[in-house]
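Visitor: Quick one: the structure is below, and I'll ask about it shortly.
The values are calculated or read from the model by the stated rules, or taken from the named source; none is laboratory data. All figures in this text were calculated on a predicted structure; none of them were measured in a lab. Here the Cβ is made from the backbone with ideal geometry for all residues, glycine too, and neighbour counts use every protein chain on show. The area values use the complete protein model at the heavy-atom level, side chains included, leaving out ligands, DNA and RNA. Shrake-Rupley method; radii C 1.70, N 1.55, O 1.52, S 1.80 Å.
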Amino acid sequence: MLTFFLFSIGSIFGSFYNVCIYRLPNDLDVVSKSSFCTSCKYQIPFYLNIPILSYIFNLGKCRNCKAKISISYLIVELSTACLFVYSYFKY
């Protein structure tokens, strides 16, 4: 149960890292603006913005315009989640 909790929290942090990776270099607001598709600017509703699962269920595509979403989003979320779990058991 603790492992699942840590994995979930890690994936949430990974999702936030993805937001920062995209928005900071483009001079966009990191905190107050909702998530959106980088192709069509469709605002992603909260129920479609679940780290890792949303990417898998939508097959790596925007639900609105069907544009491909980079796999780097999934990789960052998964690796951050795994690092959270690893860090707990290591230390």
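Visitor: How many of the residues in the stretch 1-23 are over 17 Å from Leu53 (Cβ atoms), without any contact (Cβ under 8 Å) to a residue 24 or more places away in the chain and either open to solvent by 70 Å² or more (accessible area, probe 1.4 Å) or touching a His at 6+ places or on another chain (Cβ under 8 Å) (or both)?
Guide: Of the residues in the stretch 1-23, 1 are over 17 Å from Leu53 (Cβ atoms), without any contact (Cβ under 8 Å) to a residue 24 or more places away in the chain and either open to solvent by 70 Å² or more (accessible area, probe 1.4 Å) or touching a His at 6+ places or on another chain (Cβ under 8 Å) (or both).
Visitor: Could you please let me know if Ile75 is open to solvent by less than 50 Å² (accessible area, probe 1.4 Å) and of a type in the set (Val, Ile, Thr)?
Guide: no
Visitor: Right, next: So which residues in the stretch 49-72 are touching a Lys or Arg at 6+ places or on another chain (Cβ under 7 Å) and surrounded by 17 or more Cβ atoms within 10 Å (Cβ to Cβ), if there are any at all?
Guide: Ile69
Visitor: For Phe46, only one of the following conditions fails: (1) surrounded by 14 or more Cβ atoms within 10 Å (Cβ to Cβ); (2) at pLDDT below 95; (3) not charged (D, E, K, R). What is its number?
Guide: (1)
Visitor: Look through Tyr73, Tyr91, Tyr86 and report the one residue that is modelled with pLDDT under 95 and not aliphatic (A, V, I, L, M). Can you show your working first?
Guide: Values: Tyr73 fails: modelled with pLDDT under 95; Tyr86 fails: modelled with pLDDT under 95.
When all the criteria are applied, what remains is Tyr91.
Visitor: Mind checking which pairs have a first residue in the stretch 64-91 that is within 25 Å of Thr38 (Cβ to Cβ) and a second that is of a type in the set (Lys, Arg) and assigned to a helix (DSSP H, G or I), Cβ under 7 Å, 6 or more apart or different chains?
Guide: none
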